[in-house]
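**Q** Starting off with a structure, shown below.
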Amino acid sequence: MPHITGHDRSQLLLLPESLDDYVGPENPVRFIEAFVDGLDLAAAGFARVEPKDTGRPSYLPGDLLKLYIYGYLNRIRSSRRLEAETHRNVEVIWLLRHLKPDFKTIADFRRDNRKAFRPVFRQFVLLCKQLDLFGRELLAVDGTRIKAVNNKDRNFTRASLAEFIKLADKKLDDYLQRLDQNDVAEQATGGSRVENLREKIAAVRERRDRCQKMLAELERTGEDQISLTDPDSRAMAAHTHVAVGYNVQVAVDTKHKLIVEQQVTSQVVDMGLLTETAEPAKEILGVDTIDVVADKGYFKIEDIEACEKAGMAPYVPRPQRGPSVRAGLFRKHEFEYDAETDSMICPAGQHLQPYTSSLMRGLKKINYANRAACRDCPLRSRCTDNQFRSVSRLENEAVLDRMAARLAQRPGILDQRRESVEHPFGTIKQWMYQGAFLMRRLEKVRAEFSLTALAYNIRRVLNLVHFDELMAAVTAMPG
Ligand code: SF4
């Protein structure tokens with residue numbers, strides 16, 4: 001059997017008559033076109049929606065937005081690669097009606113309209129709501145680190161700078177000593193070793209001065225670290241290793257694992273970001289109350305209290321930490337608070353009474369103990385290494401008791417959280433190859449992630465909803 005071969009390139013063929021014939025009726029580019037055409041781009045904040053009377057004509061912002069959405073959906077994010085697609089990719093040629101903006105125009109568009117991508121993301125969330133794709137019962141909040149355009153070697157903490165200055169001083173002492181010793185001895189040999197030492201001293205001094213300046217800058221700003229390539233990025237841990245990046249937060253509706261809210265911050269840890277991420281999601285979903293689940297990295301009493309006050313029911317497991325946990329002694333959750341007697345009931349059934357108090361982050365912290373009961377307690381070796389056990393409780397800790405009771409009723413909710421947030425992060429990093437940002441500075445990175453989250457949601461919806469239904473919804477979408 002002969003192999004399958006193509007046509008002779010010089011042979012005349014009866015090709016489809018129009019470009020439209022090359023793009024199938026359910027091709028996602030048709031959705032991108034309808035979605036962008038239905039947006040109020042001026043309200044979203046895009047520049048040059050209305051053409052200027054003078055100067056060179058510019059591209060319609062909608063056309064460049066279509067190009068970016070197509071690119072992010074198809075793992076093409078760089079402006080040079082997007083430009084290349086406008087020349088060779090029939091879907092892009094269709095979408096842009098043969099327009100071929102150069103890479104600089106494409107890059108400038110993303111940079112100049114960086115604040116406008118978030119409203120576009122939100123508009124798609126509203127479309128998902130219109131399509132009834134949200135369960136509106138449970139939000140899973142989580143964060144991940146996405147690498148910044150900043151090498152680890154270009155990031156310094158106060159500790160690393162202080163350490164470098166200490167080492168540099170030691171090195172300088174050593175070089176200066178050797179210089180003194182060699183100065184006389186080298187007179188006869190032409191002084192090449194002395195010259196060498198002087199160069200080394202100058203180099204160390206220069207590096208030391210740079211570190212000193214960075215340390216002074218950290219003192220001035222009150223920051224803990226400084227990044228030289230992308231000043232807004234921070235060294236942060238992800239699993240077992242540390243890299244310089246941004247903390248990306250998402251609130252995912254668990255029904256179809258769609259992203260309802262997203263934000264990018266320079267904050268190194270997730271603690272304190274629960275309400276900030278979940279509340280806008282609750283608002284856009286238009287519900288009076290909603291459950292919110294997050295991992296123990298979000299456990300902060302002030303944030304959990306704020307979450308409740310905002311009409312949400314948080315589910316955040318208490319992290320097991322502290323000296324008792326490390327020593328393998330009874331943990332705090334094994335002591336139950338009795339509101340009636342304002343005492344803590346210990347595993348031996350004894351009531352510990354308030355005996356001292358202090359302030360923690362502005363909150364009153366009360367310490368409970370019962371020295372007499374501990375003295376003769378048969379469980380003491382499992383409870384404390386001291387004469388008696390003391391357990392502390394914050395004045396507003398009832399909020400944590402309520403949350404613990406909720407968690408005890410729904411143990412499966414933590415697995416649900418993992419499944420829901422692993423899907424978007426896994427898809428974004430593995431399938432969409434977006435484990436690193438291309439741009440520098442927080443505002444631009446936020447624009448990038450808005451496009452990433454939008455592309456994730458679009459791809460998911462294209463798999464969930466019949467194309468005709470989607471097109472009907474997008475046509476009915478209020479601008
Ligand atoms: S040592 Fe004290 S606090 Fe601990 S179980 Fe015994 S009585 Fe209770």
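The values are calculated or read from the model by the stated rules, or taken from the named source; none is laboratory data. No experiment lies behind these values; they were computed from the predicted model shown. A quick note on method: Cβ atoms are made from the backbone with ideal geometry, for glycine too, and the neighbour counts reach across all protein chains shown. We work out accessible area using only protein heavy atoms, side chains counted, and drop any ligands, DNA or RNA first. Shrake-Rupley method; radii C 1.70, N 1.55, O 1.52, S 1.80 Å.
**Q** Residues being under 18 Å from R402 (Cα atoms) and more than 14 Å from the ligand (Cβ to nearest atom): count how many of those fall in region 342-364.
**A** The total comes to 1.
**Q** A further question follows. Here is a list: A404, A447. Which entry is more than 16 Å from the ligand (Cβ to nearest atom), outside any strand (DSSP E or B), within 30 Å of M344 (Cα to Cα) and not assigned by TED's automatic domain parsing to the domain that holds E336?
**A** Residue meeting the stated conditions: A404.
**Q** In this structure, is A327 over 27 Å from L462 (Cα atoms), open to solvent by less than 30 Å² (accessible area, probe 1.4 Å), touching a residue at least 12 places away in the same chain (Cβ under 8 Å) and of a type outside the set (K, R)?
**A** It is false that A327 is over 27 Å from L462 (Cα atoms), open to solvent by less than 30 Å² (accessible area, probe 1.4 Å), touching a residue at least 12 places away in the same chain (Cβ under 8 Å) and of a type outside the set (K, R).
**Q** Look at S420 and say whether it is modelled with pLDDT under 95, in a helix (DSSP H, G or I) and within 13 Å of the ligand (Cβ to nearest atom).
**A** no
So that you can scan it fast, the table gives a plain yes or no per residue for (1) touching a helix residue (DSSP H, G or I) at 6+ places or on another chain (Cβ under 6 Å); (2) farther than 26 Å from R234 by Cβ; (3) of a type outside the set (K, R):
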site: V252; (1), (2), (3): yes, no, yes
site: L258; (1), (2), (3): yes, yes, yes
site: T265; (1), (2), (3): no, no, yes
site: P280; (1), (2), (3): no, no, yes
site: E283; (1), (2), (3): no, yes, yes
site: D288; (1), (2), (3): no, yes, yes
site: Y315; (1), (2), (3): yes, yes, yes
site: R321; (1), (2), (3): no, no, no
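**Q** Modelled with pLDDT of 90 or more, open to solvent by less than 30 Å² (accessible area, probe 1.4 Å) and not in a loop (DSSP other than H, G, I, E, B), is that true of A203? Give the steps one after another, and end with the answer.
**A** On the way: modelled with pLDDT of 90 or more: yes; open to solvent by less than 30 Å² (accessible area, probe 1.4 Å): no; not in a loop (DSSP other than H, G, I, E, B): yes.
No, not satisfied.
**Q** A further question on this structure: Are any residues in region 254-281 in contact with a Ser or Thr (Cβ under 8 Å, 6 or more places away or on another chain) and not hydroxyl-bearing (S, T, Y), and if so, which ones?
**A** K257, E261, Q262, Q263, L273
**Q** Among C377, C383, which is the only one that is in contact with a Lys or Arg (Cβ under 6 Å, 6 or more places away or on another chain), within 15 Å of the ligand (Cβ to nearest atom) and open to solvent by less than 50 Å² (accessible area, probe 1.4 Å)?
**A** C383
**Q** Let me ask something additional. Is it fair to say P319 is away from the ligand (no atom under 14 Å from the Cβ) and closer than 30 Å to I290 by Cβ?
**A** yes
Each row is one residue, and each column tells you yes or no for (1) touching a residue at least 24 places away in the same chain (Cβ under 8 Å); (2) in contact with a strand residue (DSSP E or B) (Cβ under 7 Å, 6 or more places away or on another chain); (3) over 23 Å from N27 (Cβ atoms); (4) open to solvent by 10 Å² or more (accessible area, probe 1.4 Å).
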position: L65; (1), (2), (3), (4): yes, no, no, no
position: L73; (1), (2), (3), (4): yes, no, no, no
position: A84; (1), (2), (3), (4): no, no, no, yes
position: L96; (1), (2), (3), (4): yes, no, no, no
position: K115; (1), (2), (3), (4): yes, no, yes, yes
position: R118; (1), (2), (3), (4): yes, no, yes, yes
position: E137; (1), (2), (3), (4): yes, yes, yes, yes
position: V141; (1), (2), (3), (4): yes, yes, yes, no
position: F156; (1), (2), (3), (4): yes, yes, yes, yes
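**Q** At least 3 residues that are more than 23 Å from R321 (Cβ to Cβ) in each: list the strands (runs of 3 or more DSSP E) lying fully within region 334-399 that qualify.
**A** Hits in region 334-399: 351-360.
**Q** Restricting attention to region 412-464, report how many residues are open to solvent by less than 20 Å² (accessible area, probe 1.4 Å), out of contact with any Pro (no Cβ under 7 Å at 6 or more places or on another chain) and not aliphatic (A, V, I, L, M).
**A** Result for region 412-464: 9.
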